[in-house]
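The structure appears below as structure tokens.
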Amino acid sequence: MTTTDPSRLEGATALDVDTLRFPPDFVWGAATAAFQIEGSISADGRTPSIWDTFAATPGKVLNGDNGEPACDHYNRSAEDVELMERLGLAAYRFSVAWPRIVPAADGVVEPRGLAFYDRLVDQLLAKGIQPVATLYHWDLPQWLEDEGGWRNRDTAYRFAEYAKVVHGHLGDRVKLWSTLNEPWCSAFLGHHKGIHAPGLKDSQASLEAMHHLLLAHGLATRAMREQAADDHKFSLVLNFTQAWADNDDTASKDVVRKVDGLHNRIFLDPVLGKGYPADVVEDVAWLGDWQRVVQDGDLDVIATPIDFLGVNYYSPTRVAPAADPEVVTDGPFPGLRGAELLDPRGELTSFGWEQNADAFAELLTRLGRDVDGLPIVITENGSAFTDVVADDGGVDDPQRVAFLLDHLRAVHRAIESGADIRGYLAWSLLDNFEWAEGYSQRFGVVRVDYETQERTVKRSGEVLARIIGRNSIPATGYDVE
Ligand code: IFM
């Protein structure tokens, strides 16, 4: 199927003008990540990850929150899979905790760690839910960080070994695989901005970490592909933003180009076999020679073909030219100069993020063209709001419902425009540990009471279930009865 295949929406003809139908084979699901939900951080041989260390460092995570007990999913996976069944999910994206599988520098594999994911996968399959496994969602084993973490090229090779072990173990049942989740965050928030683990503020190191992360993706994809069955599909999950300026003048276009480059293209282009984008390389050259870590053949490894691209999207980035073109821009982008990052607009989420589905539609339409036929799966999209629990225990979350519907309309628009989008996985199934924000930001379509561990399907969860049941959404409004 190509991006321009006119049959993409065949069988999805509108029931009436008020209904937007998705392609018949569209996959609906939800996503989570190990460190954010599992808890049990020292169970069954697991050793600390960089996020355990970061969270234990005073001042790094809001309220001193940490990965314990999170959603206690390690002990409640059966209950959580039943919830997924109630919601009608066809797919569930989870991540595997590297420190559960390879807890120490001796590289010995911990069977009890693998056994947890065995149980989870079996529970999913028993309910007819397709598992989608991500191998790295930010919880690098601390023992690897002690050896230089993602600044150390060797970590990429250790990742490929770990990927081979997990894929070799679960590959008889799991067919959909992602190597890394959002390497932009690992590299830039973790090594340049310092607000994610391991908390470094070293711009050049962040670009080196980026290269090693991409190398890890390529090496792992190759290693898994060598032992994979024909129906296994491999991917990388990137977080994208749509860069927008208010004006159309040359200076504005140039800062849009820079932000798009440092957020989207610097990760996507090498994976698509185009190498690091020349304009971005030039933009960051003043930081120093981070490319000294790029060795012969690395770009070929990074360009190892994938079967689908995972797209995570939350909000656009508004940008304007700075008065001084040489001024270093304060923000998450290493080496960005001459740009001013503007405040988000409109009604924000509780995280302070702009809600903008038009930006999502524009991004997806453009990606549909840029990835040249590579299928896209929306691997994360969602919103955090301050939920109110009613006297009867219910959670009505109209803002999250509106966000969901607006963003699904954007997905539908992009499919109509020719983007080959195969599925939508809501972030998140459960409220969970939101990294530096601790438990303060709730993204779940299911509420978690962290005191009692009680789960309550929010109104947004009910709406998602109805949408899944119908494979369609109303063209306008937020009423999904
Ligand atoms: O919670 C995170 C997730 O781990 C990665 N993508 C963005 C989400 C919301 O911040």
task: Could you pull out the residue among 324, 254, 300 that is more than 26 Å from residue 31 (Cβ to Cβ), acidic (Asp, Glu) and not in a helix (DSSP H, G or I)?
output: 324
- prompt: If you go through region 311-318 one residue at a time, do you hit one that is outside any loop (DSSP other than H, G, I, E, B), surrounded by fewer than 20 Cβ atoms within 10 Å (Cβ to Cβ) and not polar (S, T, N, Q)?
  reply: no
- prompt: In region 369-379, is there at least one residue being outside any helix (DSSP H, G or I) and of a type in the set (Asp, Glu)?
  reply: yes
- prompt: of a type in the set (Ser, Thr, Tyr) and surrounded by 19 or more Cβ atoms within 10 Å (Cβ to Cβ), is that true of residue 460?
  reply: yes
query: In region 262-286, what residues are buried (at least 18 other Cβ atoms within 10 Å of the Cβ), assigned to a helix (DSSP H, G or I) and touching a residue at least 40 places away in the same chain (Cβ under 8 Å)?
result: 262, 263, 266, 267, 268, 270, 271, 283
task: Can you tell me which residue among 86, 119, 100, 93 is under 26 Å from residue 439 (Cβ atoms), part of a strand (DSSP E or B), at pLDDT 95 or above and charged (D, E, K, R)?
output: 93
query: Is it true that some residue in region 329-345 is free of Cβ contacts under 8 Å to residues at least 24 places away in the same chain and under 21 Å from the mean Cα position of the chain (by Cα)?
result: no
query: In region 404-415, is there at least one residue being modelled with pLDDT of 95 or more, open to solvent by 10 Å² or more (accessible area, probe 1.4 Å), within 16 Å of the ligand (Cβ to nearest atom) and closer than 21 Å to residue 19 by Cβ?
result: yes
- line: Residue set 431, 420, 449; condition acidic (Asp, Glu), on the phi < 0 side of the Ramachandran plot and within 16 Å of the ligand (Cβ to nearest atom); output residue 431
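One line per residue, one yes/no per condition, for (1) modelled with pLDDT of 95 or more; (2) over 30 Å from residue 370 (Cβ atoms); (3) touching a strand residue (DSSP E or B) at 6+ places or on another chain (Cβ under 6 Å):
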position	(1), (2), (3)
7	no, no, no
22	yes, no, no
27	yes, no, yes
35	yes, yes, no
55	yes, yes, no
- request: Please determine, by comparing only the residues of region 26-69 that are assigned to a loop (DSSP other than H, G, I, E, B), closer than 30 Å to residue 90 by Cα and of a type in the set (Val, Ile, Thr), which one is nearest to the ligand (Cβ to nearest atom).
  value: 32
task: Collect the residues in region 110-129 that are surrounded by 15 or more Cβ atoms within 10 Å (Cβ to Cβ) and over 25 Å from residue 453 (Cα atoms), keeping them in residue-number order.
output: 110
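The values are calculated or read from the model by the stated rules, or taken from the named source; none is laboratory data. Because the structure is predicted, anything quoted here is derived from the model rather than measured. So basically every Cβ, Gly included, is an ideal-geometry build from the backbone, and we count neighbours across all protein chains shown. SASA here: full protein model, heavy atoms, side chains in, ligands and nucleic acids out. Shrake-Rupley method; radii C 1.70, N 1.55, O 1.52, S 1.80 Å.
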